[in-house]
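Nothing in this text is a laboratory measurement; each read-out follows from the coordinates by a stated rule. Computed from a predicted structure; not experimentally measured. Neighbour counts are summed over all protein chains in view; Cβ atoms, including those assigned to glycine, are modelled from backbone coordinates with ideal geometry.
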2 protein chains.
Amino acid sequence: MTAPFSFSVSATDGAARRGEIVTPHGKVATPAFMPVGTQGTVKGLTPDTVRETGADILLGNTYHLMLRPGAERVAALGGLHSFMNWPLPILTDSGGFQVMSLSALRRLEEKGVTFRSHLDGAMVELTPERAIEIQALLGTDISMQLDECLGLPAKRDEIERAMQLSLRWGERSKRAFETRARAGYALFGIVQGGDDAGLRRQSAKALVDTGFDGYAIGGLAVGEPQDVMLRIVEETTAALPKASPRYLMGVGTPDDLLQAVARGIDMFDCVLPTRNGRHGTAFTRYGAINLANARHANDNRPLDEQSAHPAAHSYSRAYLHHLTKANELLGQVLLSTVNLAYYQALMAGMRDAIAAGRFDDFCAATRAQWQKGDLPPLAA
Amino acid sequence: MTAPFSFSVSATDGAARRGEIVTPHGKVATPAFMPVGTQGTVKGLTPDTVRETGADILLGNTYHLMLRPGAERVAALGGLHSFMNWPLPILTDSGGFQVMSLSALRRLEEKGVTFRSHLDGAMVELTPERAIEIQALLGTDISMQLDECLGLPAKRDEIERAMQLSLRWGERSKRAFETRARAGYALFGIVQGGDDAGLRRQSAKALVDTGFDGYAIGGLAVGEPQDVMLRIVEETTAALPKASPRYLMGVGTPDDLLQAVARGIDMFDCVLPTRNGRHGTAFTRYGAINLANARHANDNRPLDEQSAHPAAHSYSRAYLHHLTKANELLGQVLLSTVNLAYYQALMAGMRDAIAAGRFDDFCAATRAQWQKGDLPPLAA
């Protein structure tokens with residue numbers, strides 16, 4: 001029998017929490033970073049490579065998978081875990097964010113959103129109920145409610161309208177999820193409310209009244225400064241139950257992760273480590289390094305000899321520079337791997353520090369290392 | 001002390017030979033297939049992945065590496081093996097073939113060839129002596145002489161002129177190689193002569209008189225039908241010493257490999273498994289399979305459940321079809337891996353069959369399996 005979905009906190013340090021989520025496909029150590037597998041793959045990396053970076057959960061994109069290969073097809077093939085050969089937990093978003101950002105032609109109504117597929121031009125309808133159905137067909141461990149996500153800045157009445165619509169969609173999502181509930185599978189609600197703390201608290205309270213297995217904060221990292229984002233995170237987590245996991249969607253930079261964990265966030269996803277890796281940027285304990293820079297052309301040192309991951313210590317900066325300049329696939333693969341390994345090492349470092357009661361020290365030491373910057377160039 | 005370069009034949013079956021080459025960076029079991037690492041990388045694959053397909057030697061392209069990152073730079077960084085994190089043997093071509101095929105502006109003279117770099121437009125000179133110097137700077141285990149490679153069809157007097165020039169360049173290459181000879185490192189001559197058996201024999205005899213560690217057959221698979229190629233291979237290998245390795249450059253399809261080994265060839269290189277893999281074609285014991293074909297969209301079977309390599313049995317055809325249609329990097333990575341693993345398994349199968357004295361049976365069984373074609377489609 002599958003254990004029920006659960007979240008337990010084993011240590012706290014200030015607002016930061018160390019914990020564990022139990023899903024049908026395994027446990028997730030929190031704070032957790034989820035690599036993004038948009039089209040059923042973390043771009044360029046085998047599932048084994050992703051696991052070896054330390055990831056124990058992936059994010060899949062409902063929008064992309066519903067259009068290609070299609071949710072019913074994935075279900076017939078045994079579900080997303082089997083399809084992409086990833087046996088560990090998967091969280092999927094609801095598709096709403098990509099409908100808003102990728103579909104030129106769309107119509108938003110109370111019922112849901114209708115949009116034109118960017119692949120074949122077909123008109124597709126996505127409702128709260130269909131989003132739940134799709135995620136069930138994919139077999140995702142953690143489903144997300146459909147919501148409306150606005151960019152910032154936005155007008156307060158527009159933010160409130162979208163927040164209220166998202167709440168109603170959240171209720172419908174929960175009802176739809178309950179009709180097909182399977183032991184251990186979870187549904188998260190999504191707090192909206194833009195950069196308005198009052199609306200965020202109102203959204204959080206209403207979602208908690210409806211009752212979800214976890215709570216996400218959506219509609220951040222959509223154009224606002226970091227301090228605004230962090231203020232909203234802090235105000236929102238204060239309004240969320242301690243016993244449930246909190247997920248900050250689409251965030252972020254390594255510093256965003258430190259800052260948000262300090263404010264009580266347990267889960268993250270972001271394309272930054274893989275997207276920027278494909279474009280020649282490495283995230284390291286020295287900060288972000290642009291491998292296209294000519295300073296690396298003759299540098300035989302690895303990116304970070306102290307890294308536990310071979311991708312960061314088995315290849316020279318000169319080689320990674322060469323691959324980047326030559327636009328070689330292996331450069332994209334290696335830097336994506338380096339970056340995911342760094343993100344996972346950062347999360348593991350935070351988890352250990354919280355358990356040891358020295359989270360602030362860990363953050364300060366990590367930032368100090370970033371601020372010292374990269375290794376000095378080799379003598380000419 | 002490094003052992004001298006050596007080649008030994010441990011078994012023969014008809015004209016087919018099983019043997020072993022000893023180089024400073026390890027042994028190569030022959031008949032051998034060398035994956036192509038054009039720009040210091042087998043596109044998209046880590047060195048570990050390439051090794052896990054069974055490869056024990058790689059080919060690097062002098063033309064690409066001399067232009068970027070530059071031979072002197074690679075030497076200063078410790079040589080090509082260290083640069084690309086590949087500790088096993090490397091053979092490099094001389095650059096001549098790519099000068100002819102990739103450089104629009106070039107001037108061919110007795111001294112060498114001058115061409116415009118396709119990267120930055122700089123004029124670059126490549127002579128037999130410089131080609132040897134570059135390969136020594138790269139630290140390649142097996143260097144190739146500079147030659148002039150014509151496409152086919154070509155006029156006999158043009159073929160003869162290029163063949164004679166290549167012979168003179170071969171002598172100069174050998175003299176240059178001897179001035180910097182290091183124990184265990186080898187230089188191969190290249191037989192030219194187009195589709196003219198008499199010119200091929202003349203070229204082979206002259207090269208043998210000069211004396212090389214091994215002999216390549218160049219200027220084939222450049223537009224001629226397979227039967228012409230195989231006739232020239234057969235005539236040429238008959239004129240080459242039994243005690244030296246024979247390398248058929250730039251070949252070929254799986255059937256080309258069977259046919260050429262049957263005629264006494266010991267070494268091959270070709271971009272086919274990796275290039276075609278990047279474009280959605282898998283080479284398997286069922287023959288070539290186009291993963292873009294819609295017949296695979298709902299097919300949960302692996303490409304080849306009997307393959308020893310996880311890339312061929314851990315992912316469904318439906319998933320590989322999805323990755324191919326979505327133009328995902330992982331599709332390129334997995335199919336390149338599948339294809340290199342298939343090529344290496346084919347070589348291993350030939351080696352075992354030669355040792356067991358059943359090479360013809362192996363070829364017949366392999367071809368029969370190809371001709372049966374792919375698995376029948378699943379019932380709808």
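For the pair region B:201-231 and region A:185-216, the centres of their Cα atoms are 74 angstrom apart.
Averaged over the residues of B:327-339, the number of partner chain Cβ atoms lying within 10 Å of the residue Cβ comes to 4. The mean of 1/r over all distinct Cα pairs in region A:35-106, once inverted, gives the Kirkwood hydrodynamic radius of 12.7 Å.
Annotation: chain A has a Kirkwood hydrodynamic radius of 21.3 angstrom, from the mean reciprocal C-alpha pair distance. When chain B is modelled as a GNM with alpha-carbon springs shorter than 10 Å, which of B:ARG175, B:ARG246, B:ARG17 fluctuates the most? Maximum among the listed residues: B:ARG175. Put simply, the Cα atoms of region A:317-380 extend 46, 29, 11 Å along their principal axes, the longest span coming first.
Based on the Cβ-Cβ distance of B:ALA356 and A:ASP255, what FRET efficiency does E = 1/(1 + (r/R0)^6) give at R0 = 56 Å, to the nearest 0.05?
0.35
Using the empirical formula 2.2 N^0.38 Å as the baseline, the Cα radius of gyration of the protein assembly as shown reaches a ratio of 1.09.
Using the rule -39500 (n - 2.57) for each DSSP H run of four or more residues, divided by the residues of chain A, the 222 nm mean residue ellipticity is -12500 deg cm²/dmol. Using only side-chain charges placed at the Cβ, +1 for Lys and Arg and -1 for Asp and Glu, the dipole size of region A:245-299 relative to its Cα centre rounds to 80 debye. Across chain A, C-alpha contacts under 8 Å between residues 6 or more apart give a mean separation that, scaled by the residue count, equals a relative contact order of 17 percent. Projecting label points 7 angstrom from Cα along Cα→Cβ for A:ARG231 and B:GLU158 puts them 7.5 nm apart. Neighbouring Cβ atoms from other chains, within 10 Å of the Cβ of residues in A:298-311, number 1 on average.
Over region B:237-380, the reciprocal of the mean inverse Cα-Cα separation, the Kirkwood hydrodynamic radius, stands at 16.1 Å.
Computed over the alpha-carbon atoms, region B:1-83 gives an Rg to Rh ratio of 1.04, Rh here being the Kirkwood radius from the mean inverse distance. Estimated at 0.36 nm per residue, the fully extended path between B:ARG51 and B:SER8 surpasses their Cα-Cα distance by 13.2 nm.
Estimated from the Cβ-Cβ distance and a Förster radius of 35 angstrom, the FRET efficiency linking A:SER314 and B:ASN300 is about 0.45. Between B:GLN226, B:GLN259, B:GLN135, the GNM of chain B built on Cα springs shorter than 10 angstrom shows B:GLN226 fluctuating the most. Using a cutoff of 8 angstrom between alpha carbon atoms and counting only pairs six or more residues apart, the relative contact order for region B:58-129 works out to 26 percent.
Per residue of peptide A:174-185, the mean number of Cβ atoms on other chains within 10 Å of the residue Cβ is 0.
A dipole drawn for region A:141-193 from +1 and -1 charges on Cβ atoms has a positive end, and of A:LEU167, A:ALA183, A:LEU150 the residue lying farthest that way is A:ALA183. This model, with +1 at the C-beta of Lys and Arg and -1 at the C-beta of Asp and Glu, gives region A:144-277 a dipole about its Cα centre of some 480 debye.
The largest-to-smallest principal axis extents of the Cα set in region A:1-158 are 45, 42, 33 Å.
Distance between the C-alpha centers of region A:290-344 and region B:84-147? Whole Å please. One Cα centre to the other: 27 Å.
Full extension of the chain between A:LEU108 and A:VAL208 gives 33.5 nm of extra length, using 0.36 nm per residue less the Cα-Cα distance. Taking square-rooted eigenvalues a ≥ b ≥ c of the alpha carbon gyration tensor, is region A:117-203 rounded, prolate or oblate, where a/c under 1.5 means rounded and, failing that, a/b exceeding b/c means prolate? In terms of gyration-tensor shape, oblate.
With N denoting the number of residues in region A:137-279, provide Rg(C-alpha) divided by 2.2 N^0.38 Å, to two decimal places.
The reported ratio for this selection is 1.02.
With a cut-off of 14 Å on the backbone N, no residue of region A:302-333 is near the modelled label site 7 Å out from A:ALA365 along Cα-Cβ. Rounded to the nearest 20, the size of the Cβ-charge dipole of region A:1-129 about its Cα centre is 160 debye, with Lys and Arg at +1 and Asp and Glu at -1. Taking every full run of DSSP H in chain B, the ones that stretch at least 15 Å from end to end by Cα along their long axis and average 0.5 or higher on the Kyte-Doolittle scale are B:329-355. Comparing mean-square fluctuations of B:ARG73, B:ARG367, B:ARG107 from a GNM of chain B with C-alpha springs under 10 Å, the top value falls on B:ARG107.
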